[in-house]
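A.B. asks: Before anything else, here's the structure in question.
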């Protein structure tokens, strides 16, 4: 029997990107391959999580922000900031 994901208790919808899930998978799978993959599967299957695909356009916008960033941000974080900015401008 599978455990219920802790994300099931989250009240607000979450948004992430494939780039962030890749970073999480990389960190989890360095020592815990099967549980790491299961955790990513659980995240992707969570009803309250929206996973944004990283297409060429999003990647390019994230890379532009990465080039301009002065704080030493990682590329996956820059892609996330682009998604957050886009979602903020499209919400009522």
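A.B. asks: If I take every Cα pair under 8 Å that is 6 or more residues apart in the range 14-87, average their sequence separation and divide by the length, what percent do I get for the relative contact order?
C.D. replies: Relative contact order of the range 14-87: 36 percent.
A.B. asks: Here's a follow-up. From the Cα trace of the range 14-87, what convex hull volume per residue do you get, rounded to a whole Å³?
C.D. replies: 92 Å³
Each value in this text was obtained by applying a stated rule to the coordinates, not by laboratory testing. Nothing here was measured: the structure is a model prediction, and the numbers come from that model.
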